[in-house]
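Below is one structure; the comments refer to it alone.
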Amino acid sequence: MITKTFQWSLLFVFFATLPSLAFAQDGLNTGNTAWILTATALVLFMTIPGLSFFYAGIVRSKNVLSILMQCFAITCMVSILWVMYGYSLAFGEGNSWIGDFSKVFMAGVDESSMTGDIPESVFAMFQLTFAIITPALIVGAFAERMKFSAMLLFSALWVTLVYAPITHWVWAESGWLFQMGLLDFAGGTVVHVTAGTAALVAALVMGKRHGFPQMPMPPHNLTITVAGAGMLWVGWFGFNAGSALAANGNAGMAMMVTHISASAGALAWMIAEWVRYGKPSVLGIVTGMVAGLGTITPASGFVGPGGL
């Protein structure tokens with residue numbers, strides 16, 4: 001009786017797992033998928049609340065809610081634009097310069113569509129978090145100096161006309177920089193070069209800040225800034241290690257070199273301040289950390305702890 005019950009139990013388990021077995025045969029790697037889902041949450045964590053807090057502590061107290069609102073609104077707006085056409089322009093087949101409209105409103109992206117061995121929906125969401133943080137990085141260049149409506153319009157146009165095409169150039173298989181062999185593991189070109197260039201141009205166009213340097217404008221709460229910097233550090237593991245699109249040794253090495261670079265950048269800035277001014281500052285050490293993280297990003301999947 002016990003033997004027959006056991007046999008029926010095995011038979012039940014076999015038929016119950018058939019759907020999952022069939023799905024696994026479609027090429028889904030559950031381990032990789034679980035890691036990219038986690039990495040996606042980490043990268044979103046970099047913008048809200050990480051970058052938001054980082055900025056909020058640096059600006060004057062009267063502008064704290066304004067900068068928080070800007071980062072939050074960018075997150076919402078870019079998410080909708082990405083679904084509407086951003087993902088299609090960035091990763092649609094298109095040509096060497098721009099994607100096409102084959103994936104507008106996520107057409108063809110369903111539970112069964114795959115990118116490599118992870119669901120395409122997960123890949124699209126992971127890439128969305130990069131599209132969110134990039135215009136949010138630019139905000140730091142004109143914080144406290146641009147109207148909210150102008151900031152939204154600028155961000156929408158920039159994501160459409162700059163971010164989406166350059167993402168296609170660098171990361172889409174048909175992109176001209178991809179075909180030339182450009183190495184950008186996690187966004188050094190796509191995110192940091194584009195955001196840095198846009199931030200510099202925006203600052204030059206807007207001109208000098210009114211009242212500075214005659215009027216002192218010290219950061220109002222560096223405690224919040226340090227908290228935001230810590231969130232950026234943690235979130236950056238998803239940014240860089242997640243770009244391996246797999247839970248493997250490449251992701252592990254990317255995470256290691258990311259941490260080492262953040263530590264080295266922070267210490268280098270701290271020591272430089274110590275030598276130059278006689279004492280280090282908390283703003284300096286978190287700035288060095290961000291510099292280290294940004295520097296290692298494009299190479300994080302190609303180098304080891306010794307830089308080779």
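The values are calculated or read from the model by the stated rules, or taken from the named source; none is laboratory data. The shown structure was predicted, so the numbers you read here are calculated from the model rather than taken from an experiment. When we count neighbours, we look across all protein chains shown, and the Cβ atoms used for this are built from the backbone with ideal geometry, even at glycine.
Taking residue 73 as the residue in question, decide whether it is of a type outside the set (Ser, Thr, Tyr), under 19 Å from the mean Cα position of the chain (by Cα) and either at pLDDT 95 or above or part of a helix (DSSP H, G or I) (or both). Yes; evaluated as a whole, the condition is true for this residue. All of 154, 126, 105 fail the test of being touching a residue at least 12 places away in the same chain (Cβ under 8 Å), aromatic (Phe, Trp, Tyr), assigned to a helix (DSSP H, G or I) and surrounded by fewer than 15 Cβ atoms within 10 Å (Cβ to Cβ), apart from 105.
Each residue in region 178-207 was checked for being exposed (fewer than 12 other Cβ atoms within 10 Å of the Cβ) and in a helix (DSSP H, G or I), and 3 pass.
For region 273-284, check the following and say yes or no: at least one residue is touching a residue at least 24 places away in the same chain (Cβ under 8 Å), in a helix (DSSP H, G or I) and either under 17 Å from the mean Cα position of the chain (by Cα) or surrounded by fewer than 20 Cβ atoms within 10 Å (Cβ to Cβ) (or both). Scanning region 273-284 turns up at least one residue that is touching a residue at least 24 places away in the same chain (Cβ under 8 Å), in a helix (DSSP H, G or I) and either under 17 Å from the mean Cα position of the chain (by Cα) or surrounded by fewer than 20 Cβ atoms within 10 Å (Cβ to Cβ) (or both). Here residue 215 meets the list (1) under 22 Å from the mean Cα position of the chain (by Cα); (2) of a type in the set (A, V, I, L, M, F, W, C); (3) assigned to a loop (DSSP other than H, G, I, E, B) almost entirely, failing just condition (1). Scanning region 129-148 for residues that are within 14 Å of residue 69 (Cα to Cα), of a type in the set (Gly, Ala, Ser) and modelled with pLDDT under 95 turns up 140, 143.
Conditions (1) at pLDDT below 95; (2) among the small types (Gly, Ala, Ser); (3) surrounded by 16 or more Cβ atoms within 10 Å (Cβ to Cβ), marked per residue:
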| position | (1), (2), (3) |
| --- | --- |
| 220 | yes, no, yes |
| 226 | no, no, yes |
| 237 | no, no, yes |
| 248 | no, no, no |
| 266 | no, yes, yes |
